[in-house]
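Okay, structure first, notes after.
Quick note: the coordinates plus some simple rules give every number you see, no bench work behind them. For clarity, every value in this text was computed on a predicted model and none was experimentally measured. Here the Cβ is made from the backbone with ideal geometry for all residues, glycine too, and neighbour counts use every protein chain on show.
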Amino acid sequence: MGTPPETEQTAEAAPEGVETGAQAVVEALRAAGVEYLFGVQGGAIMPVYDALYDADDLTHVTMAHEQGASHAADAYGIVSGDPGVCLATSGPGATNLVTGIADASMDSDPMVALTGQVPTAFVGNDAFQECDTTGVTDPITKANYFASDPDSVGDDVGTAVALAAAGRPGPTLVDLPKDVTAAETDRTPGEPTTPETYHVQERADEVAVEAAAHAFEAAERPVILSGGGVIKGDAHEELREFAFRTETPVVTTMPALGSFPEDHDLAMEMAGMHGTGYANMAITHCDLLLAVGCRFDDRLTGGIETFAPDAEVIHVDIDPAEISKNVHADYPLIGDAGTVLDQLDEAVEDAPDADEWRAQCREWKETYSMAYEIDEDAPLRPEFVVEALDEATGDDAIVTTGVGQHQMWAAQYWTYTEPRTWVSSHGLGTMGYGLPAAIGARLAADDDQDVICIEGDGSFLMTIQELAVAVRENLDITVAVLNNEYVGMVRQWQDAFFEGRHAASEYSWCPEFDKLAEAFGAAGFAAEDYDDVPDAIEGALAHDGPAVIDFRIDPGANVYPMVPSGGDNGRFALTEEQL
Amino acid sequence: MSNGLSGPAPDERPTPQGRRTPEGVRIDPEAEAQPEIRRTTLSALVKHEPGVLAEVSTLFSRRQFNIESLTVGPTTDPDRARITMVVEEPEPGVEQAKKQLAKLLPVVSVTELGEDSIERELALIKVDGERPDEVHAVAEVCDARTVDVGPRALTVEVTGTEPEVDRAIEAFERFGVREVVRTGTAALARGTNETANTTGEP
């Protein structure tokens, strides 16, 4: 006789029910449809990892740093629409997640953080690797939970996942004391549900919709302002339909890039501090602004006094607290973006009579064109690099970025046509976001979608260790470093507002990123001249796995147009002299 | 730095007529923007669980809402507590405070109490004990009660609206006030009006 049959069965069969708190956590993730987790091991989270060891249907990606795990989970959430999950141990593991959680909070991205915690009996005693994680993350989470009972820990996790994606998305966190995850329980968690005190209004009030529709019909200079909520609410089709039928020019916020096709005649593209001149002219001169799923961030509005000063505002948002927070809404419509746009579409009978206005918008697109000149003998223009990458990749290619000048060029000069193809750190402005985000985006994307990470030299260096993860997981990502050996945006501001005093913004030495990539096991390319660009891009895209291109761009290149902080959107500067 | 884009300079562009206040409200360009400060009482019914008070107070601090007083206590339902806040904010600050409060998950409902609500505050006032008879006399006038009598100090308790308590403290100042403690305002809606919607429906 060989091995007793009982033993064989135990080894192969999936567990019928859960036996520990940690298994309940894993079961809850499974019930919520989670497929990927991004994390880093450590003492207090070990029971959860041990339970994951048997969960073949859940893929865990070991990141180099917990911050990377949080950004990867965030990007996974942006691209897939399902909550991205990150894991870390207690203390430093949890605090390292904080930047990514705050980032997800500012950008309303669905994300769940699971953190280990010291055993319940030690909590409050300053134990090794103890940190008040729920206290620290309270202001930056939609909700957080301290799991105190092995019988309910699975439900806590299920609630956190459900809540992260519901209504206005956002990050949630469950703190998991080691004794709770290690303890025995036979309670299989139930269906993930949102808490009883959580309410979401899907449809806007009919009377309010009627009033808004009348205001819209009466407008002479209407503009649609598409915000990130259009993408998060999967309302891009409703928005496009409404814009096309009423022939209304569309301006987008940065998080909404891709919600409206930028190659369309009605597209005015991105507005705000580094928005196009024509978008800012349209916003400044419109008499009706239909804002959908946006929170009127200061980088969009500039000075509030001069923001769309002639416009009546229809504000569609799922979060009542966004209504009249920064800009007064004449017609507040609370509800889901797609549902309310459908309601409006039905209520608006006649499109506004706005031929003249459309002609004006078209003229502004000419007058304030984003076109630039190339001198083949001069250093590489970053705008050219972004356009070359765009041309070499498919329409559904995903762009992730860090934060700084490169991010603005990527926003301005890439033509976005599809939602969930722009992955960036908008509200928090987290340098180093690009590479870990590309890892999360790669795993959420379809196999045939290109994933391009556009980074700056300073920003890339902040999370470059995640290249080890991309190599280890053999992820097909192309990193394009727009390298000017400066913290470029800071340098640009110093030139404009600090008399060119380059305090702590100049790098006297920068690593050679192509060589550094090779040291990590990735493919490395460099491009210094215009002639080098096509080959470098082709080589990097053809490489099956992570590749890095070091583009040595013009160190003096600045981002224009530019509305100085708190300035008048209509008075955007086109050159440094105009600042 | 030589680069830039072409197009008319800021001064060569048309400018719109309108203007907004710093609060984002469109106004007559000639008008003076002068937001009015509003003082009001908010009552929040919350889940009676650890951390709720911290969540509410950090919300007010991180969003810079001006809070005058905050009281918290249990209700007849053991799972619910009531937080009463007096806030002072220019619009749209009060509306924002209500909506941000309502967004917190442990918050069941938020009500702004009207001017006719019943509001009470309690204060304990410790004064020098040299003139006990006079203290008793003032206490009687102020509807206060003497709750502790010692050879060197007397403590009186006074209950009333915030201005009534202010006036009482002022009245006792002539005896030398050693210490004062105030509870902050507790409030209920008058008559059969509900202070808080208990169903949790918005």
222 nm mean residue ellipticity, helices alone, for chain A (DSSP H n ≥ 4; -39,500 (n - 2.57); rounded to 500): -11000 deg cm²/dmol
Unit charges at the beta carbon, dipole of segment A:468-550: most positive-side option, A:Pro534, A:Cys510, A:Ala523: A:Cys510
Kirkwood Rh, Cα atoms: Rg over Rh of segment A:427-579: 1.02
Choice from B:Thr192, B:Thr111, B:Thr15 showing the highest fluctuation, given a GNM over chain B with Cα pairs closer than 10 Å: B:Thr15
Fewest-first ranking of A:Cys286, B:Cys142, A:Cys361, using other Cβ atoms within 10 Å as the exposure measure: B:Cys142, A:Cys361, A:Cys286
Tensor-based shape of segment B:28-140 (alpha-carbon gyration tensor, a/c under 1.5 rounded, otherwise prolate or oblate): oblate
Volume of the Cα convex hull of chain A, divided per residue and given in Å³: 169
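For A:Val487, what charge total do you get from the other residues with a beta carbon under 15 Å from its beta carbon, if Lys and Arg give +1 and Asp and Glu give -1? Working shown, then result.
Numbers: positive: A:Arg491, A:Arg501; negative: A:Glu455, A:Asp457, A:Glu485, A:Asp495, A:Glu506.
My count for the surroundings of A:Val487 gives -3.
Counting other C-beta atoms within 10 Å, and keeping those with at most 10, which DSSP coil GluC sites (Glu not before Pro) do you find in segment B:20-89? Each step should come with its number before you reach the end.
On the way: sites: B:Glu23, B:Glu30, B:Glu32, B:Glu36, B:Glu55, B:Glu68, B:Glu88; in loops: B:Glu23, B:Glu30, B:Glu32, B:Glu36.
Sparse-neighbourhood loop GluC sites (Glu not before Pro): B:Glu30, B:Glu32, B:Glu36.
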Chain B: most fluctuating residue of B:Val177, B:Val25, B:Val46 per GNM, C-alpha cutoff 10 Å: B:Val25
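Relative contact order of chain B, please, whole-number percent, based on alpha carbon pairs below 8 angstrom and at least 6 residues apart.
Dividing the mean separation by the residue count of chain B yields 22 percent.
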Pairwise Cα inverse-distance average, inverted: Kirkwood Rh of segment B:118-187 (Å): 11.8
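Once the other residues with Cβ under 13 Å from the Cβ of B:Phe175 are scored (Lys, Arg +1; Asp, Glu -1), what is the net sum? Provide the component values of the computation, followed by the final result.
Working: positive: B:Lys126, B:Arg131, B:Arg152, B:Arg174, B:Arg178; negative: B:Asp128, B:Glu130, B:Asp133, B:Glu134, B:Glu170, B:Glu173, B:Glu179.
Surrounding charge for B:Phe175 is -2.
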Most fluctuating residue given options B:Ile83, B:Ile67, B:Ile27, as computed from a GNM of chain B linking Cα atoms under 10 Å: B:Ile27
Shape category assigned to segment A:201-265 from the gyration tensor of Cα positions, a/c cut at 1.5: oblate
Candidate aspartates and glutamates for bridging to A:Lys178, where Cα separation is under 18 Å - those fewer than 8 sequence places away on the same chain excluded: A:Glu19, A:Glu27, A:Asp50, A:Asp126, A:Glu130, A:Asp132, A:Asp149, A:Asp151, A:Asp155, A:Asp156, A:Asp186
Pairs from A:Lys365/B:Lys99; A:Lys232/B:Lys47; B:Lys98/B:Lys126 whose Cα-Cα separation, in the structure shown, is over 32 Å: A:Lys365/B:Lys99; B:Lys98/B:Lys126
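Charges only on Cβ, +1 for Lys and Arg, -1 for Asp and Glu: so what's the dipole of the protein assembly as shown about the Cα centre, in debye to the nearest 20?
Values: 49 positive and 143 negative charges, 577 e Å.
Approximately 2780 debye in magnitude.
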With at most 13 neighbouring Cβ atoms within 10 Å, loop chymotrypsin sites (Phe, Trp or Tyr not before Pro) (DSSP) excluded, longest segment of chain A: A:129-497
Positive-end residue, chain A charge dipole about Cα centroid, Cβ charges, pick of A:Thr134, A:Ala212, A:Leu428: A:Thr134
Spread of Cα-to-Cα distances over 5 Å intervals beginning at zero, given as percent, for segment A:66-176: 3, 15, 26, 25, 18, 9, 4, 1, 0
On Cα atoms only, tilt of A:21-31 relative to the major axis of chain A in degrees: 40
Segment A:240-325 - Rg over Rh from alpha carbon coordinates, Kirkwood radius: 0.93
Radius ratio Rg over Rh of segment A:468-510, counting only Cα atoms, Kirkwood formula for Rh: 1.24
For q = 0.15, 0.19 Å⁻¹, Debye-computed log10 I/I(0) when each Cα of chain B counts as one equal scatterer: -0.99, -1.21
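Can you give the local net charge around B:Arg190? Use residues other than it whose beta-carbon is closer than 13 angstrom to its beta-carbon, Lys and Arg +1, Asp and Glu -1.
Details: positive: B:Arg120; negative: B:Glu115, B:Asp116, B:Glu119, B:Glu194.
Surrounding charge for B:Arg190 is -3.
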Degrees separating the helix A:92-106 axis from the principal Cα axis of chain A, which is the longest one: 40
Nearest 10 degrees, 0 to 90: helix B:162-172 Cα axis against chain B principal axis: 50
